[in-house]
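Let me begin by presenting the structure, written as structure tokens, before commenting on it.
The values are calculated or read from the model by the stated rules, or taken from the named source; none is laboratory data. None of the values given here were measured: they were computed from a predicted structure. In this analysis, Cβ positions are derived from the backbone assuming ideal geometry, glycine residues included, and neighbour counts consider all displayed protein chains. Heavy atoms of the whole protein, side chains included, go into the accessibility calculation; ligands, DNA and RNA do not. Shrake-Rupley method; radii C 1.70, N 1.55, O 1.52, S 1.80 Å.
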Amino acid sequence: MKSILIRTFGGKGIGYGHFYRCLSLAKAVKLIDKDIDIIFLINQDLKGLLDNIGFNFIVSNNLKEDSEKINRFGVNLFIFDAYLGDDRYLKTVKEKTKLMLIDDNNDIYDTSIPDIIYNGNIHAEKLGYSSDGNQLQLLGPKFLIMKEEYWNRGTNRNISKNGILITTGGTDEYGISLRILKQLKNLGSKIKVIIGPGYKDDYIKKFEDSVTDNIKLIYKPNSLKDHILSSKIVITAGGSTIYEVLSQKSIPIIFSLADNQDLICNELSNMGVKYLGKYPDINYLLLEGIIKELLDKGVNENNKIYDLVDGKGAKLVAGRIVEEIYQ
């Protein structure tokens, strides 16, 4: 039996994007070849998310222990999705097994090291990835790994889009959602706010104290899809959620929380998506005018930004790596 070991991290301060990307890829691999054994190597903060999902996992916060895990399980492919390693770590892994690096900006690692390099972002092909010609490169939005519920793109035409959705992902360490809400709460529009799994109790209380008739709090949802689909406008960071917004043909308003989101925001801003800036310089005062303008215009489903993703990337990537394992 072939086996894959997936190493990733997540939780407060890191977010959950790396983990959910890996989980989607694992599910896609299992669809193609159910006999491949997949084991997750995760930090303690992610343990609760893998319980009862059907994948075996090992909890280890220490990258130095990964070599021993590769030896123990006779791994055919090691998938690494984290910013916490270095080139020496990648080389050590590659000496033991085939290595796939899931990357975002080509700014941390020597990306010629892995056997497979993946970047599903819209800017991936502009980043100058180089290799010796033997590397499998899976670059650009056609390879974008999305959550399982987005694999079939078709939107439900019977759902009416209205109101505004605010989300910062699993965490909101900088209090951005609350500042956005306070800026918009008097507009009269229906507003939904996602309360992520990493939100602290005292922060949640501040939202609850701000609720009015037009505001609804959504607590730790398993999926954002229905909330995105039913919203006309979605205000979100320039991470993985922005692709989910585009797949459901809602209107995005974006901001950046970290360097790895800057390139996505820049690309989308150049395509006409409204951009509020990067923390700590997010311009909340722009919101009222932008919202009024977008509500007047409505959703233009023919906008080319909605053609960026089709939801098929996870299966496409899974097929390629399964082929690589059996070579």
Any chance the stretch 297-318 includes a residue that's modelled with pLDDT of 95 or more, open to solvent by 40 Å² or more (accessible area, probe 1.4 Å) and closer than 25 Å to Val193 by Cβ? no
In the stretch 94-111, how many are open to solvent by 50 Å² or more (accessible area, probe 1.4 Å), of a type outside the set (A, V, I, L, M, F, W, C) and part of a loop (DSSP other than H, G, I, E, B)? 4
Assess whether Lys292 counts as being touching a Gly at 6+ places or on another chain (Cβ under 8 Å) and loosely packed, with under 14 Cβ neighbours inside 10 Å. no
Of all residues in the stretch 134-147, count the ones that are assigned to a loop (DSSP other than H, G, I, E, B) and open to solvent by 60 Å² or more (accessible area, probe 1.4 Å). 1
Suppose we filter the stretch 221-248 for residues that are open to solvent by 50 Å² or more (accessible area, probe 1.4 Å) and more than 13 Å from the chain's Cα centre (by Cα); how many remain? 2
Go through (1) assigned to a strand (DSSP E or B); (2) of a type in the set (D, E, K, R); (3) in contact with a helix residue (DSSP H, G or I) (Cβ under 6 Å, 6 or more places away or on another chain) and name the single condition Lys249 misses. (1)
Reported set for the stretch 200-220 where residues are within 18 Å of Ile180 (Cβ to Cβ), open to solvent by 10 Å² or more (accessible area, probe 1.4 Å) and not β-branched (Val, Ile, Thr) is Lys200, Tyr203, Lys205, Lys206, Glu208, Asp209, Ser210, Asn214, Lys216, Leu217, Tyr219
Of all residues in the stretch 273-296, count the ones that are modelled with pLDDT under 95 and among the basic types (Lys, Arg). 1
For the stretch 122-142, which residues satisfy the criterion of being among the basic types (Lys, Arg) and at pLDDT 95 or above? Lys142
If a residue must be more than 15 Å from the chain's Cα centre (by Cα) and among the β-branched types (Val, Ile, Thr), how many such residues does the stretch 249-274 contain? 3
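For the stretch 258-287, how many residues meet the condition of being of a type in the set (A, V, I, L, M, F, W, C), open to solvent by 40 Å² or more (accessible area, probe 1.4 Å) and in contact with a strand residue (DSSP E or B) (Cβ under 7 Å, 6 or more places away or on another chain)?
1
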Take the residues in the stretch 2-48 that are β-branched (Val, Ile, Thr) and free of Cβ contacts under 8 Å to residues at least 60 places away in the same chain, then tell me which one is farthest from Ala82 (Cα to Cα). Ile38
Helices (runs of 4 or more DSSP H) contained in the stretch 148-240 and holding at least 1 residues aromatic (Phe, Trp, Tyr) and touching a residue at least 24 places away in the same chain (Cβ under 8 Å): 201-210
